[in-house]
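The values are calculated or read from the model by the stated rules, or taken from the named source; none is laboratory data. Everything numeric in this text was worked out from a predicted model, so none of it was measured. Counting neighbours? That spans all protein chains shown, and the Cβs are built from the backbone with ideal geometry, glycine included. For the accessible areas, the whole protein counts, side chains as well, though only heavy atoms, and no ligand, DNA or RNA atoms are used. Shrake-Rupley method; radii C 1.70, N 1.55, O 1.52, S 1.80 Å.
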Amino acid sequence: MGKGMKAGKKPKQPKMGNAQQMAQMQAMQREMDKVQEEIEKMEASATSGGGAVTVTVTGKKEIKDIQIQPEACDPDDVEMLQDLIMAAVNEALRQMEEISQNEMSKFTSGLGLPGF
């Protein structure tokens, strides 16, 4: 007899609910993958310097486009242009992160999972 087993007791069989839970988890994973694919197709744009610099990022958090107005290109003040680009990039990335979190929270809000 195995350790911890008493005479006349059968070992516990896995509950049928485990297969159902596994199927639910797989369905949730497919749904999360679908939401992630949708997010990756999204874009967010941000400007700085009153529209002097515009940056567009994708849902993959990659820069897709940078537009710089000619008046922002002062050869005597390159640092200002660098700051404008950095500000626009950071804001566009922040917006995309917010969009991503909002989309995922629509999916995870009903799950009751901690940290989601």
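Here are the numbers for the structure shown:
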| item | result |
| --- | --- |
| Answer residue from segment 41-57, given it is free of Cβ contacts under 8 Å to residues at least 40 places away in the same chain and of a type in the set (A, V, I, L, M) and is farthest from Gln69 (Cα to Cα) among those | Val57 |
| Residue that is nearest to Glu40 (Cα to Cα), among those in segment 89-110 that are under 11 Å from the mean Cα position of the chain (by Cα) and small (Gly, Ala, Ser) | Ser100 |
| Those strands (runs of 3 or more DSSP E) lying entirely in segment 1-98 with at least 3 residues farther than 30 Å from Ser109 by Cα, open to solvent by 70 Å² or more (accessible area, probe 1.4 Å) and modelled with pLDDT under 90 | none |
| Filtered residues of segment 59-104 (kept if touching a Leu at 6+ places or on another chain (Cβ under 8 Å) and β-branched (Val, Ile, Thr)) | Ile68 |
| Condition met for Met28 (over 19 Å from the mean Cα position of the chain (by Cα) and farther than 30 Å from Ala72 by Cβ) | no |
